[in-house]
Amino acid sequence: MTTAFRPMTRNLLLLCTVLLAACGQAPTVSIFTVAPGTIAKGASAKIVFAAEGEDKLTLEPGAGDVTGKSEVEVSPAETTTYTLTASNRSGSTLQTLTVTVGPTPASGFKLNAAETFTAGTPTQVIVTVVDPSGATVPSYTGTVHLVSNDGAAELPADFTFTAADKGVKSVPVTFRTAGSRQLIASGTVGGGMAGSFSTTSSPFTVNAGPAARMNLSGLAPETESGAEVSFQVSFVDAFGNLSRDYATQLHVQHSDESAPAVPDVTVDTHDGTATLRLTLFKAGVQTITVQDTRNDTVKVSSEIRVRPSRAVAYELSGMPAAARVGEPLALTVTALDAKGNRATTYAGKAHITSSDTAMEPPADVSFSQGVALVSVAFRTQGDQTVTATEVGGTLTATSGSAKVTSTQVAARIVLSGTGPTTAGAASSFTVTVTDTYGNPLTGYRGTVNFSSTDARAALPSRYTFTDTDGGTRTFFASLQTSGLQRITVVDSARAELTASGAFAVSAAAATACDISDVPATAIAGSLLPVRVTARDTFGNIATPYTGTMTVTATDAHPQAALPAPAAYSPGGDQGSRVFASRLVSAGGQTITATDSAGGWSCTASITINPAAPTLHVALPTDTNAGYPVDAVVSVKDTYGNPISYAGSLTFTSTDAAAILPGPLTLSGSESGTSVVTATFNTLGAQQLKASLVGASPLSGAGTTAVHGLVYTDPTPGMGKVRFVVNAAASSAKVVQLDLVANAGLVITGSSTATARGGVYSAGMNLPLDTTRVEPDSSLLVEGNVFNLGSAPKAVAATLPTTGPTAGVLYTGVSQKYDGAGKFTGDVALLPGRVFYSVRLKLPATAPVGTVFNGTSLDTRFRAAARNRAGDEVFSNADFAIGKLEIR
């Protein structure tokens, strides 16, 4: 039994569990929570729930039936209590929770100033708390921290909003840095909510405060004396901000009393800075002070070093009022700039001179730091000065005057007054007895003697000085030998007291001449030195001579080269001049030099020998080809002096076609001259050269211009009939011109009597210059176009030189209409066939020029080729004529 009922018992228990409600048990709520429990207005919260044994779940208000769900998101507009109801057939279970809705959260700040900012002045900044829409959040109770991009700003400590602030609070802010400044406000959310936020204000303009001090800038540490100095001053407030738009008047002072004062300057600094200018003169450190006349406390000072400018003058100092001869004196030379400063950078040199010409000048002195020291000692009594002059420059200075006195100590003799004199003239000189420094000894009473290097000189006698001489006396002497001569004076009792003076003795006026340097013999053409020397009465070379000398010779040869008359220059010639002469005529010759004014002259003889022999070949300047010309062969020197010469000569020519003379033998009896004949055949400059047979290089050549006929064909392809040169039958002397067909004609009919369509005759009247050509022995040569038959033939050519037909070449050929070999029909014409040819010859003396030119023939020109009927097959325009000329 027990076994039989176990399955049944299990099923009843299961049914009882499933149908719990039927057993009388209500559902339970196991989970009902919300997160977060407090939200801001507009925010959401999530309600999570779970129940057991329920048939239905509801959430109120708002959600309704939430059966099968485990969570719901809600967004109440205000604080709301939510009820979760779990129910089944046995009953229901309720649970509640509240979602608190707090005030709207703040998201930022507005920061506004009640007025403009001035550096250092507190200004109220209004801080307004705003939500995302920009609306004020009056419920904000957070804490705010302010910072600024002005690191020197004075900001309030962190401050907390209270409910009474209603989201707006005013705090003091003091900016100290001018310009664009900003505040950054950072705050906590507050009101029980976590979080923070911050806002950066719009830029505030902070103006500088009142000017509290002045700054000076742009002032160079150093300037040059006299140069303009410019610098800037600016005004700043107590915090160093540049004060713009500041107007005032500035008083400028400097420590340089020599420089001009600076007038007060009115400034209106729109940019906060003003530029000032002034000029300083005195070298050294100077102070510049700028004072704001509106505010005694606002001023600025600065130092600048003034350096001297370039030196423009010297100053010489240290000269005493009185000095003794030979006493050393220390002087100072100072280089000064334009403002009187010592030019410390000057490093030139000064040359020292004195009014005392006897003073030994010191060496040029160098400057250091613009100063040079010099020592001098005067040697001459009287008022004396010293002058310093810049070496290579223009600076100079002269000292004050010193009264120089002498002491009567050691003596010496000075001979002065010497100088240039003329031979034979009385010359004066002065003998002075002096102390060591050249000052005269007025009490000297010694005796002196005289001597000279000129043995012919007339000198003063022995002399004893007297009281009236005062140590100085003038004497006279006459010197007669030119050149540098000396006169010596010596104290007869004291040989050490002696002196001498030099006299430059010039020759007296020239009265004669002589010729030197001319050799006894010379080769013709050699350059001869002819030295002509003018002399005075004493035989001295007359160095002052300024006359004109003419040199002549007995050689009248045109190639003799004698100098032009020449005026002597005392500075260059010194009375003696070399004339270059060239004599060329063989034999004895005389050279004469004549003074053009005085009439005196001098001569020299010389024998001229011929120069080296040369062969000479003389040809006419021009010759025509093909005609013989005489060539004169001679043996002479370069100047035409004939030389009897024996030997054999052969001849060559640049003209390979020339007919040359045979060898020529000279016996020496020809006086150096023979005549041979040569014929040239090639146009242009041609040479005939004679050469000595043997090893000697003796040869000579002559040149002639060979002229001949040259024909230029008409332009290729031009004309149906062309007048062209037959080169094979032509030369420079004779030219053959062919009248050639350049077109063809075909005849009809085969009979000699009936053939038509060809040519029967041809002729031409050609104007030309009969002075340049003449007929050759055969003026007309038959061609190969026509059948001319037997003699007599219808062939004619003539070149009249007189009468109405003169100057025209008449030519013509025709077939015979009757007689032996007649041919009465036309003949065919083939290109290249020759109608006939004309031969013209060059006359022996024909001049160069044009014979005829086909491009410019006159109206006498006539040319034609006719058929049997007499019709012109070719006429003038069909004929192409070239140009014949003599070149």
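The values are calculated or read from the model by the stated rules, or taken from the named source; none is laboratory data. If you're wondering where the values come from, they're calculated on a predicted model, not measured in any experiment. Note that each Cβ is placed from the backbone with ideal geometry, even for glycine, and that neighbours are counted across all protein chains shown. In case anyone asks, the SASA skips ligands and DNA or RNA and just uses the protein heavy atoms, side chains included. Shrake-Rupley method; radii C 1.70, N 1.55, O 1.52, S 1.80 Å.
Residues that are open to solvent by less than 40 Å² (accessible area, probe 1.4 Å), assigned to a loop (DSSP other than H, G, I, E, B) and of a type outside the set (A, V, I, L, M, F, W, C) were ranked within the stretch 169-221; the one that is modelled with the highest pLDDT is SER201.
In summary, ALA455 fulfils each of the numbered conditions (1) under 17 Å from THR418 (Cα atoms); (2) in a loop (DSSP other than H, G, I, E, B); (3) aliphatic (A, V, I, L, M) with the single exception of condition (1). Being over 30 Å from GLY702 (Cβ atoms) and open to solvent by less than 30 Å² (accessible area, probe 1.4 Å) is a condition met by no residue of the stretch 614-637. For the subset of the stretch 319-330 comprising residues that are outside any loop (DSSP other than H, G, I, E, B) and of a type outside the set (Gly, Ala, Ser), which member is nearest to the chain's Cα centre (by Cα)? Restricting to residues being outside any loop (DSSP other than H, G, I, E, B) and of a type outside the set (Gly, Ala, Ser), the top hit is LEU329.
When the residues of the stretch 398-424 are filtered to those that are in contact with a Ser or Thr (Cβ under 7 Å, 6 or more places away or on another chain), surrounded by 15 or more Cβ atoms within 10 Å (Cβ to Cβ) and among the aliphatic types (A, V, I, L, M), the one that is nearest to ALA495 (Cα to Cα) is ILE413. Number of residues in the stretch 425-468 that are of a type in the set (D, E, K, R), open to solvent by less than 20 Å² (accessible area, probe 1.4 Å) and modelled with pLDDT of 90 or more: the value is 1.
Residues of the stretch 839-884 that are more than 13 Å from LYS720 (Cα to Cα), surrounded by 19 or more Cβ atoms within 10 Å (Cβ to Cβ) and not aliphatic (A, V, I, L, M): ARG839, PHE852, GLY854, ASN867, ARG868, GLY882. The residue list LEU709, LEU649 contains one member that is under 30 Å from ARG862 (Cα atoms), surrounded by 14 or more Cβ atoms within 10 Å (Cβ to Cβ) and among the hydrophobic types (A, V, I, L, M, F, W, C), which is LEU709. Taken over the stretch 373-386, residues that are open to solvent by 30 Å² or more (accessible area, probe 1.4 Å) and closer than 18 Å to GLY348 by Cβ amount to 1. Among the residues in the stretch 542-549, are any assigned to a strand (DSSP E or B) and open to solvent by 50 Å² or more (accessible area, probe 1.4 Å)? So far as the stretch 542-549 goes, no, none of its residues is assigned to a strand (DSSP E or B) and open to solvent by 50 Å² or more (accessible area, probe 1.4 Å).
The set of residues in the stretch 282-310 being more than 17 Å from LEU219 (Cβ to Cβ), within 41 Å of the chain's Cα centre (by Cα) and surrounded by fewer than 21 Cβ atoms within 10 Å (Cβ to Cβ) consists of SER309, ARG310.
For the stretch 483-505, which residues satisfy the criterion of being open to solvent by less than 40 Å² (accessible area, probe 1.4 Å) and either within 26 Å of THR543 (Cα to Cα) or under 60 Å from the mean Cα position of the chain (by Cα) (or both)? Passing the criteria: GLY483, GLN485, ILE487, GLY501, ALA502, PHE503, VAL505. Looking at THR266, is it of a type in the set (S, T, N, Q) and in a strand (DSSP E or B)? For THR266, the condition - of a type in the set (S, T, N, Q) and in a strand (DSSP E or B) - is met. Residue count for the stretch 787-798 satisfying the condition of being in a loop (DSSP other than H, G, I, E, B) and under 29 Å from LYS733 (Cα atoms): 1.
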